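Take a look at the structure below.
Here, each number is a calculation from the coordinates, and none is a lab measurement. Everything numeric in this text was worked out from a predicted model, so none of it was measured. With ideal geometry, Cβ positions are generated from the backbone for all residues, glycine too; neighbour counts draw on all protein chains shown.
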Amino acid sequence: MSSSAPAPKRQRTDTDAPYELLYWPGIPGRGEFVRLAFAATETPFKDVSNENKNGVKEVIGLIDASNPDAAGELNAPPLAPPILRHGELVLSQTPAILSYLAPRLGLVPEESEDPDAGPRVLSLALTALDGFSNEPHDVHHPVGVAKYYEDQKAEAKLKAEDYRENRLPKFLAYFERVLDSKSSGIDGWLYGNQLTYADLVLFQGLDGVSFAFPKLIERLKKSGKYDKVWKLYDTVKQVGGVAKYLESDRHLKYGNGIWRHYPELDDE
Ligand SMILES: N[C@@H](CCC(=O)N[C@@H](CS)C(=O)NCC(=O)O)C(=O)O
C-alpha cells in the first residue's frame, strides 16, 4: 500500500441534503425498512427508482463491479441495495442505514439519556431482520440466490417446514420475551418506552411473513402465545405517519421479492 497520496479529508455529511433511497423499483423488499423510517417520522425522502424512470440505472451504476469509485471516493462501493444517499454519504446494508438515520430522525433514545441505546436497538433490529426477512428469503431460495425458485422447489419445501415449525415460532417467542422484559418498558415498544426503528423492522417483517404464509400466521395468532407481538404490529400500523404512508401511492404491493406467497410453502 502506498503512503504517498494524502488521504482525503473525511467530514460529516451535509445535513440539509435530501435523503435519497436507492433500491429496486416496484417492490417493497428491504427498501421498505428504510421507507418506514422516513414515513413514521414524516421525513421527506426521494425514492429514486420509483420516482424517476431512469432511477434504477443509478442503483445499477452504484453496484457496478467495474467501477469501485461509483459511490464517490470516500464511500466503499455498495454490494447491493438498499442504498442511502445523503449528501456525500452513500451507505448500503439495511441495518447500517437505519442506525445512521435513527438519531437524526428520533428513532432511537437520545445518546445523552441512554448512551448504549444505539447498539441495543441495533441488536433487536438485526434479530428481527434475521427472523422475518433473511430467513423467509432463504425459505424460497435455500440452494442458490441466483437460481429460480422453480429449480429448488423440493429443498424449499423442506426449508419451509423447518421455518414454519421451528424458526418462525422461535423468533416470535423471542420478541414476546423482549416485550415481557423490563428493557422494553411499559408502553409496548421493543425498547425504552419509545418507538424505535427496531419496532418498524419487526412490523415490516411481520407484515411480510403474513403475506407469505397467511395460513401459518393465522394458526400462530390463534395460539395466543404472541399477543404482545401482534399488539405491537397493530400499534405501529396506527402510528400517524405509517398509517398515512400505507394508504399512499408510495406504498408498494408485494411481488417477487423477499416475501413471496407460494401456497405450497404455507400450512396446508
Ligand atoms: N444484508 C443486506 C442484503 C442486501 C441484499 O441482499 N439486497 C438484495 C435486494 S433486497 C439484492 O439486490 N441482492 C443482490 C445480491 O445480493 O447479489 C441488507 O440488509 O441490506
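Remarks
- Computed over Cα pairs, the Kirkwood radius of the chain leads via Stokes-Einstein (0.692 mPa s, 37 °C) to a diffusion coefficient of 166 µm² per second.
- Using a Förster distance of 35 Å, the FRET efficiency for E155-E88 (Cβ separation, nearest 0.05): 0.20
- Excluding the site residues themselves, the longest part of the chain lacking any trypsin sites (Lys or Arg not before Pro) in a DSSP loop with at most 14 other Cβ atoms within 10 Å is 54-146.
- Note on the range 129-232: percent of Cα-Cα distances in each 5 Å bin, starting at 0 and stopping at the bin with the largest distance, equals 2, 13, 22, 22, 17, 11, 7, 4, 2, 0.
- Amide H to amide H distances under 5 Å link Y19 with K46, where only residues 5 or more positions off or on other chains count and H is placed in the peptide plane.
- Förster radius 35 Å - calculated FRET efficiency between D64 and T43 (Cβ-Cβ, nearest 0.05): 0.75
- Applying a threshold of 18 Å to the alpha-carbon distances of K170/K253; K170/K221; K157/K215; K182/K221; K157/K221 flags K170/K253; K182/K221; K157/K221 as lying beyond it.
- For the range 36-180, the convex hull spanned by the alpha carbon atoms encloses 152 Å³ per residue.
- Stretchable slack from N193 to S123, in nm (0.36 nm times residue separation minus alpha-carbon distance): 23.6 nm
- Projected over every direction and averaged, the convex hull enclosing the alpha-carbon atoms of the range 5-105 yields 6.8 nm².
- The 3J(HN,Hα) values that the Karplus relation (6.51, -1.76, 1.60; θ = phi - 60°) gives for the range 71-78 are, in residue order, 8, x, 6, 8, 9, 5, x, x Hz. Gly and Pro appear as x.
- 12 Å cut-off, amide nitrogen to a point 7 angstrom out along S183 Cα→Cβ, residues in the range 84-124: 116-124
- Spherically averaged projected area in nm², based on the convex hull that wraps the Cα atoms of the range 62-129: 5.2 nm²
- At an R0 of 25 angstrom, the distance between the Cβ atoms of D162 and K222 translates into a FRET efficiency of 0.75.
- For GluC sites (Glu not before Pro), the sites in the range 43-88 that DSSP calls loop and that have at most 10 other Cβ atoms within 10 Å are E73.
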